[in-house]
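Report on the structure given below.
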Amino acid sequence: MSSYILACKPAIGLYGQHDPSAVLFENGRPVFGIEEERLTRDKHAVDTFPERAIRACLEYRDLELPDLDRILLPYDPQLRSRIRRHYVSDAVSAPGIARKVSALEETVVDEIRSRFFPTRQVETRLESIGTPVPPVDCRSHHRCHAASAFHPSGFDDALILTIDAKGEYDSTVIWRGTPDGLARVRTYEHPNSLGLFFAIITEYLGYRMFNGEGKVMGLAPYGERRPEIEHTLRELIDTGVDYDVTPLTKRWGTGYGVEKLEDAFARPRNDSPGQFDQWEKDLAHTAQKLLEETVCEIVEAYLGACRSNDVALAGGVALNCKLNKHVRELEAVDDTFIQPVAHDAGLALGAGWLDRRPDAVEPQTTVYLGPEYETDEIESLLETNKIRYGKPDDLEAYVAERLADGALVGWFQGRMEMGPRALGARSILADPRTEASRDRVNRYVKHREEWRPFAPSMLEDAAEEYLIDGQPAPFMIDTFDVRPEKVDELEAVLHPADDSTRPQTVREDQHPRYHRLLSEFESITGVPVLLNTSFNDHAEPIVNTPTEAIKDFYGMGLDVLVLEDVVVEKQVERLDDVLEGDAVAGTASE
């Protein structure tokens with residue numbers, strides 16, 4: 001008989017505010033996982049309990065809530081008391097008597113809840129899904145991040161860094177991982193938070209905390225060293241292994257830090273997000289440099305605590321692929337593993353793995369944990385909506401030809417990815433060889449800033465040919481420099497400022513159909529690479545269902561939509577011109 005554990009990350013009350021998710025473990029192995037945003041269609045699903053995600057997990061194995069052995073929460077409210085003084089200080093600093101009183105009352109209520117009723121808020125919400133509610137256990141936030149990085153890494157012994165805005169009381173934690181589990185080596189307590197530091201820079205540049213940090217990372221290579229900016233930041237904060245960013249982060253949120261930057265630089269925050277002058281680009285460059293400097297010095301200082309030179313990373317800051325590149329390239333580092341669901345949505349994975357011996361967890365090579373849809377139900381949906389479609393005899397060859405001809409393709413195949421990156425299951429694809437291809441995707445499909453780069457998918461065995469120090473990189477969470485002789489073949493997927501790229505490498509066993517598509521494109525063009533970006537419009541989550549894919553297809557500048565075995569063309573006559581005989585499927589429009 002199978003044993004089932006549900007790990008869920010809420011985004012309510014004491015448990016954080018964003019990226020709720022749920023993962024179902026069967027006999028210790030994750031079999032289904034999904035982020036709540038994919039179901040609510042509200043990006044990051046802020047202040048949301050993951051009820052839909054939990055129900056989706058249960059439905060995957062036809063379970064009721066009482067069938068679960070237990071439920072795990074990757075946050076332990078009782079640990080919040082370790083920085084009680086900070087919460088009180090934060091409340092007292094609120095402006096105005098009324099705000100102070102309100103903040104202090106909220107602090108007291110949270111303290112009572114966290115000490116005496118740490119799981120009650122979640123148990124109440126679970127009762128609406130089913131009763132009796134199974135036992136609910138809490139796990140430390142950063143320990144769950146650490147397990148998500150180390151347990152599936154394949155490392156026997158490693159240095160682990162978990163870096164984010166805040167756990168219960170900790171913001172950066174250094175761990176040692178061994179076959180026996182995790183040992184905490186050093187803790188940087190909140191508010192000494194690298195995640196919050198970078199969030200403040202993000203808000204000062206006009207983007208939003210927990211949403212725009214990746215854009216600031218992408219902006220940084222357009223900047224240059226400007227000594228006066230670096231001097232001012234170094235006057236405000238200390239970097240390196242004993243870093244101290246609290247002069248900016250001492251109050252929760254970003255408002256206090258943004259005001260400090262406005263005073264220090266004598267210029268207001270950017271109120272036109274997406275539009276930057278050179279000074280703002282230089283600030284992004286400098287902030288990225290200081291982040292990289294600090295994390296790399298920590299790695300170098302603490303590798304001696306381990307018997308190997310392998311490093312594993314998780315936490316929201318580990319989504320910074322430029323940072324990950326610098327860690328990987330350190331002379332003292334042999335290998336790295338970055339949890340692909342590095343942000344808070346990945347905490348559910350860590351919670352489910354945490355109680356297992358790390359050497360009993362299979363190495364993680366994919367993130368295809370979400371729902372999938374059969375071709376029959378897709379055909380029925382298309383026919384109901386009078387949408388003409390085709391079923392090519394050789395789907396991959398047909399799509400590769402269209403891509404080589406310059407078509408922009410929506411690609412919907414198999415189980416949906418968990419995490420922020422589309423990895424060939426819910427992707428928008430294009431020819432990687434020209435800047436025009438990149439610009440068309442930015443302008444007509446993604447509707448976003450034209451300076452932002454795209455990433456490639458490539459056959460794994462081509463990594464060394466195209467990338468300096470190329471190696472398997474299946475998750476689009478690390479950055480590589482492109483070999484100079486290959487730059488002209490990858491113009492659409494290079495960062496324009498430094499010719500770097502953030503690749504996904506693909507093996508046949510990871511996604512057979514996607515591997516075949518890349519191989520077909522190589523046979524036509526000689527280039528085993530495609531531009532791959534997430535299948536969603538600007539500011540919305542990645543599509544989950546065929547209906548959402550169809551809606552986005554007709555609302556974006558895509559030319560072709562591929563839904564499992566089925567092809568839809570905006571120029572419907574192409575189905576007659578290219579597909580013959582039985583390859584053309586009838587619809588209600590015929």
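The values are calculated or read from the model by the stated rules, or taken from the named source; none is laboratory data. Keep in mind that this is a model prediction, so the values were computed, not measured. A quick note on method: Cβ atoms are made from the backbone with ideal geometry, for glycine too, and the neighbour counts reach across all protein chains shown. With ligands, DNA and RNA removed, areas are computed over all heavy atoms of the protein, side chains included. Shrake-Rupley method; radii C 1.70, N 1.55, O 1.52, S 1.80 Å.
In this structure, is Trp353 at pLDDT 95 or above, within 30 Å of Val527 (Cβ to Cβ) and touching a Ser or Thr at 6+ places or on another chain (Cβ under 8 Å)? Lay out the reasoning, then the answer.
Numbers: at pLDDT 95 or above: yes; within 30 Å of Val527 (Cβ to Cβ): no; touching a Ser or Thr at 6+ places or on another chain (Cβ under 8 Å): yes.
Criteria not met by Trp353.
Please find, among Gly406, Gly424, the residue that is buried (at least 20 other Cβ atoms within 10 Å of the Cβ) and part of a loop (DSSP other than H, G, I, E, B).
Gly424
From Val23, Val31, which residue is surrounded by 18 or more Cβ atoms within 10 Å (Cβ to Cβ) and either within 23 Å of the chain's Cα centre (by Cα) or closer than 22 Å to Arg143 by Cα (or both)?
Result of the check over Val23, Val31: Val23.
Check His142 against each of (1) under 27 Å from Asp244 (Cβ atoms); (2) touching a helix residue (DSSP H, G or I) at 6+ places or on another chain (Cβ under 8 Å); (3) not acidic (Asp, Glu) and name the one condition it does not meet.
Unmet for His142, out of (1) under 27 Å from Asp244 (Cβ atoms); (2) touching a helix residue (DSSP H, G or I) at 6+ places or on another chain (Cβ under 8 Å); (3) not acidic (Asp, Glu): (2).
Go through (1) open to solvent by 10 Å² or more (accessible area, probe 1.4 Å); (2) on the phi > 0 side of the Ramachandran plot and name the single condition Asp431 misses.
(2) is the only condition that Asp431 fails.
So Gly304 passes all but one of these: (1) open to solvent by less than 50 Å² (accessible area, probe 1.4 Å); (2) at pLDDT below 95; (3) out of contact with any strand residue (DSSP E or B) (no Cβ under 6 Å at 6 or more places or on another chain). Which condition number does it fail?
It fails just one condition, (1).
Which helices (runs of 4 or more DSSP H) sit wholly inside the stretch 137-249 and have at least 1 residues that are within 22 Å of the chain's Cα centre (by Cα)?
141-150, 194-204, 213-219
Does Ile237 fit the bill of being under 28 Å from Gly177 (Cβ atoms), touching a strand residue (DSSP E or B) at 6+ places or on another chain (Cβ under 8 Å) and open to solvent by less than 40 Å² (accessible area, probe 1.4 Å)?
In short, no.
Consider only pairs whose beta carbons are under 7 Å apart and that are at least six residues apart or on different chains; among these, list those whose first residue lies in the stretch 178-197 and is β-branched (Val, Ile, Thr) and whose second residue is assigned to a helix (DSSP H, G or I).
Val185/Tyr302; Val185/Ala305
May I ask you to list the residues in the stretch 316-340 that are within 28 Å of Phe32 (Cα to Cα), in a loop (DSSP other than H, G, I, E, B) and out of contact with any strand residue (DSSP E or B) (no Cβ under 8 Å at 6 or more places or on another chain)?
Asn320, Pro340
When both residues are 6+ apart or on different chains and their Cβ atoms are under 7 Å apart, which pairs have a first residue that lies in the stretch 111-132 and is under 25 Å from Glu64 (Cα atoms), and a second that is among the β-branched types (Val, Ile, Thr) and assigned to a helix (DSSP H, G or I)?
Filtered contacts from the stretch 111-132: Ile129/Ile54.
With respect to Asp67, is the statement that it is under 17 Å from Pro541 (Cα atoms), out of contact with any Pro (no Cβ under 8 Å at 6 or more places or on another chain), surrounded by fewer than 21 Cβ atoms within 10 Å (Cβ to Cβ) and not hydrophobic (A, V, I, L, M, F, W, C) true?
Against the criterion (under 17 Å from Pro541 (Cα atoms), out of contact with any Pro (no Cβ under 8 Å at 6 or more places or on another chain), surrounded by fewer than 21 Cβ atoms within 10 Å (Cβ to Cβ) and not hydrophobic (A, V, I, L, M, F, W, C)), Asp67 does not qualify.
Can you tell me how many residues within the stretch 519-539 are of a type in the set (A, V, I, L, M), more than 25 Å from Glu37 (Cα to Cα) and either outside the structural domain of Phe412 (by the TED database) or buried (at least 17 other Cβ atoms within 10 Å of the Cβ) (or both)? Write out each step before concluding.
Restricting attention to the stretch 519-539, the residues satisfying the condition of being of a type in the set (A, V, I, L, M) are 524, 527, 529-531, 539.
Going one step further and asking which of them are more than 25 Å from Glu37 (Cα to Cα), we end up with 524, 527, 529-530.
Okay, now just the ones that are also either outside the structural domain of Phe412 (by the TED database) or buried (at least 17 other Cβ atoms within 10 Å of the Cβ) (or both), so 527, 529-530.
Residues that pass the stated criteria total 3.
Only strands (runs of 3 or more DSSP E) wholly contained in the stretch 1-100 count here; list those with 3 or more residues that are outside the structural domain of Glu548 (by the TED database), farther than 29 Å from Thr187 by Cα and touching a Ser or Thr at 6+ places or on another chain (Cβ under 6 Å). Lay out the reasoning, then the answer.
Values: elements: 4-9, 21-26, 29-35, 70-73.
It comes to none.
Based on what the data block shows, is Arg356 assigned to a helix (DSSP H, G or I) and either open to solvent by 30 Å² or more (accessible area, probe 1.4 Å) or closer than 18 Å to Pro528 by Cα (or both)?
Details: assigned to a helix (DSSP H, G or I): no; either open to solvent by 30 Å² or more (accessible area, probe 1.4 Å) or closer than 18 Å to Pro528 by Cα (or both): yes.
No, not satisfied.
Of the conditions (1) part of a helix (DSSP H, G or I); (2) closer than 25 Å to Asp469 by Cα; (3) open to solvent by less than 10 Å² (accessible area, probe 1.4 Å); (4) of a type in the set (A, V, I, L, M), Val311 fails just one. Which one is it?
Val311 satisfies every listed condition except (1).
Residue by residue through the stretch 355-393, note down the ones that are of a type in the set (D, E, K, R), over 21 Å from Arg426 (Cβ atoms) and touching a residue at least 24 places away in the same chain (Cβ under 8 Å).
Scanning the stretch 355-393 gives Arg356, Arg357, Asp359, Glu362, Glu383, Lys386, Arg388, Asp393.
Each row is one residue, and each column tells you yes or no for (1) buried (at least 17 other Cβ atoms within 10 Å of the Cβ); (2) over 21 Å from Tyr373 (Cβ atoms); (3) acidic (Asp, Glu); (4) assigned by the TED database to the domain that holds Arg426.
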{"site": "Asp461", "(1), (2), (3), (4)": "no, yes, yes, yes"}
{"site": "Pro472", "(1), (2), (3), (4)": "no, yes, no, yes"}
{"site": "Glu491", "(1), (2), (3), (4)": "yes, yes, yes, yes"}
{"site": "Leu517", "(1), (2), (3), (4)": "yes, no, no, yes"}
{"site": "Pro541", "(1), (2), (3), (4)": "yes, no, no, yes"}
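Within the stretch 252-269, which residues are in contact with a helix residue (DSSP H, G or I) (Cβ under 6 Å, 6 or more places away or on another chain), part of a loop (DSSP other than H, G, I, E, B) and of a type outside the set (Phe, Trp, Tyr)?
Selection gives Thr254, Pro268, Arg269.
Which one of these is more than 23 Å from Ala11 (Cα to Cα) and within 15 Å of the chain's Cα centre (by Cα): Thr384, Thr375, Thr366, Thr336?
Thr366
Here is a check on your reading of the model: is Tyr75 at pLDDT 95 or above and either surrounded by fewer than 21 Cβ atoms within 10 Å (Cβ to Cβ) or among the aromatic types (Phe, Trp, Tyr) (or both)?
Criteria met by Tyr75.
How many residues does the stretch 492-524 hold that are assigned to a loop (DSSP other than H, G, I, E, B) and at negative phi?
Number satisfying all stated conditions: 12.
Conditions (1) touching a residue at least 24 places away in the same chain (Cβ under 8 Å); (2) outside the structural domain of Gly218 (by the TED database); (3) aliphatic (A, V, I, L, M), marked per residue:
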| residue | (1), (2), (3) |
| --- | --- |
| Tyr256 | no, no, no |
| Gln278 | yes, no, no |
| Arg307 | yes, no, no |
| Leu313 | yes, no, yes |
| Gly316 | yes, no, no |
| Gln339 | yes, no, no |
| Gly346 | yes, no, no |
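Quick one: in the stretch 261-276, of everything that is touching a residue at least 40 places away in the same chain (Cβ under 8 Å) and charged (D, E, K, R), which residue is surrounded by the fewest Cβ atoms within 10 Å (Cβ to Cβ)?
Among those that are touching a residue at least 40 places away in the same chain (Cβ under 8 Å) and charged (D, E, K, R), it is Asp271.
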